[in-house]
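Please treat every number below as a calculation from the coordinates, not as lab data. Since we're looking at a predicted model, the values are computed, not measured. Cβ coordinates were reconstructed from backbone atoms using ideal geometry, including for glycine residues, and neighbour counts include every protein chain displayed.
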């Protein structure tokens, strides 16, 4: 069995080695290729366990020393929970402010939060761009807004910003690949965009489970055998006995039906359009495995599996009336003192042996840098610094809070690592609304097939023009 302390210690040491490699060139003059790591550098491995806070400090110290002159740094955001939360009543949010205060002192500036709707932010940024006026140093917006910034266009290329170290552990490089097109990255996705409590996970009631099976679901996760089929099997056992309803929900959720399908389908199989910096985005037609996966989601939701979609799903689980509850990780705080034993699992895979993935939906923002910003060097420094600081100070505070105030075993902490580290973005989800048929033939298709008798082959016929459209709309 894995131990939480050992797993995180190893990750921290490896992350430190990456950062030390980058630090040797981090204080050089400003250049557009400062995001490149040197693979050939020799680094002596330090066997001492280094805290994530120390890793953040070293990364921030590696950024060029500069003085912003005491002025304001404006952050436009539709979702300020991850960056500058209004509520500082818990340890994690206090760390978020401590992180920002530390950066203010280091670079001599003052953060100013401009909280607006996504639509208002885009309109304001576009108008400022057209008038050649300053709007904000960083924009935190919903991922589904990216197609707007691509079509206008008003976004700077994240890949070319000075001092942005794309390979650093505090950036989600794989997700940023999905935020790329036209040979540029439209948005940064990293630790400053992360609010773990907004991610979806599978809560399970250990007491109900023990009456169904002697198996250990944690061990099934470790062995990569936690699958959609297995979850459905257990849900049916909990909700029906000898063909009669038990009064227990096999799976309860407070997510919308569409969001539930998005999360399960992404974690089980993924969407059907992918991008990278080096190529035009590619549409991949649905396969028979995709159809089987969508059929499996239907089985979990509608075919005598005890599925309950209700606003009180979290309360139902807290009262001990559900085996599983698919909801945001914030539920852990509400059931910390419950009378029954519980744990958390990542969303299931479709095929045993696959890694666990977590869908980044609109609950987590992405960061756009506006191309008309007068000082893109400053924006690059800010982007690097705020993500580096978040990696240590915020993430460690979150796990400390989990350990001491909520979760009940080390295995659950390991599960949280799987969930957080497995977060990924979908190209189709971020850009689909701006390209004809792209959303219809990817994530919307999965939703519609689960909710109807239509087959995915129907969307394949519709999707024959998508590759041509992608070629027309995206350049290398």
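Using the Cβ-Cβ distance between residue 210 and residue 433 with R0 = 51 Å, the FRET efficiency computed as 1/(1 + (r/R0)^6) comes to roughly 0.65.
When all alpha-carbon pairs of the range 286-407 are counted, what percent fall beyond 17 Å? If you can, show how the numbers build up before the last one.
On the way: 5473 of 7381 pairs.
The proportion of pairs with Cα distances above 17 Å equals 74 percent.
I'd like the orientation of helix 288-302 relative to the chain: the angle between its Cα long axis and the longest Cα principal axis, in ° from 0 to 90, rounded to 10. That works out to roughly 60 degrees.
In percent, how large is the relative contact order of the range 265-340, given Cα pairs closer than 8 Å and 6 or more residues apart? Please list the in-between numbers first.
Working: 35 pairs, mean separation 13.2, N = 76.
Once divided by the residue count of the range 265-340, the mean separation gives 17 percent.
Between the range 208-233 and the range 257-282, the C-alpha centres lie 25 angstrom from each other.
Reported value for the range 45-161: 158 Å³ per residue, from the convex hull of its C-alpha atoms.
Would you compute the Debye intensity of the range 58-111 from its alpha-carbon atoms alone, equal scatterers and no solvent, and pass along log10 I(q)/I(0) at q = 0.13, 0.23, 0.30 Å⁻¹ to two decimals? For the requested q values the scattering log ratios are -0.37, -0.97, -1.16. Working value for the range 270-340: equivalent-ellipsoid semi-axes of 35, 19, 8 Å, each the square root of 5 times a Cα gyration tensor eigenvalue, largest first. Relative contact order of the chain: 24 percent, from C-alpha pairs under 8 Å at least 6 residues apart in sequence. Rounded to the nearest 10 degrees, the inclination of helix 228-239 to the longest alpha-carbon principal axis of the chain is 50 degrees. In the chain, helical runs assigned H by DSSP with n ≥ 4 each contribute -39500 (n - 2.57); averaged across all residues and rounded to the nearest 500, the mean residue ellipticity at 222 nm is -12000 deg cm²/dmol. Between residue 341 and residue 98, full extension at 0.36 nm per residue minus the direct alpha carbon distance yields a gain of 84.0 nm. Calculated FRET efficiency, residue 295 and residue 117, Cβ-Cβ r, R0 45 Å, to nearest 0.05? Computed FRET efficiency for residue 295 and residue 117 comes out at 0.75. Restricted to Cα atoms, the range 74-223 shows a radius of gyration and a Dmax of 19.7, 66 angstrom.
The alpha carbon radius of gyration of the range 193-337, expressed as a multiple of 2.2 N^0.38 Å, is 1.13.
Annotation for residue 66 and residue 127: the two label points, set 7 Å from Cα along the Cα-Cβ direction, are 2.9 nm apart. Cα extents for the range 147-197 along the principal axes, largest to smallest and rounded to whole angstrom: 32, 26, 15. When only alpha carbons are used to place a centre, the range 330-394 and the range 407-449 end up 12 Å from one another. Overall size of the range 136-254 from C-alpha positions, given as principal axis extents largest first: 62, 28, 23 Å. Just need the Rg to Rh number for the range 229-274, please, alpha carbons only, Kirkwood Rh. With Rh from the inverse mean 1/r over Cα pairs, Rg/Rh is 1.11. For the chain, the longest principal axis of the C-alpha atoms and the axis of helix 52-62 are separated by about 30°.
Working from Cα pairs under 8 Å separated by at least six residues, relative contact order for the range 301-395 is 11 percent. Diffusion coefficient (Stokes-Einstein, Kirkwood radius over C-alpha pairs, 25 °C, 0.890 mPa s) for the chain: 105 µm²/s, rounded to a whole number. Here the calculated FRET efficiency for residue 452 and residue 224, from their Cβ-Cβ distance with R0 = 35 Å, stands at 0.65, rounded to the nearest 0.05. Spacing of the modelled spin labels on residue 241 and residue 134, each 7 Å from Cα toward Cβ, amounts to 6.8 nm.
Let me know the Kirkwood hydrodynamic radius for the range 416-476, please, with Cα pairs as the basis and the value in Å to one decimal. Provide the component values of the computation, followed by the final result.
Numbers: mean 1/r = 0.0765 Å⁻¹.
By the Kirkwood definition, the hydrodynamic radius is 13.1 Å.
Sorted from largest to smallest, which semi-axis lengths in Å does the alpha carbon gyration tensor of the range 350-458 give for its equivalent ellipsoid, taking the root of 5 times each eigenvalue?
Working: eigenvalues 204, 149, 20 Å².
Equivalent ellipsoid of the range 350-458: 32, 27, 10 Å, largest first.
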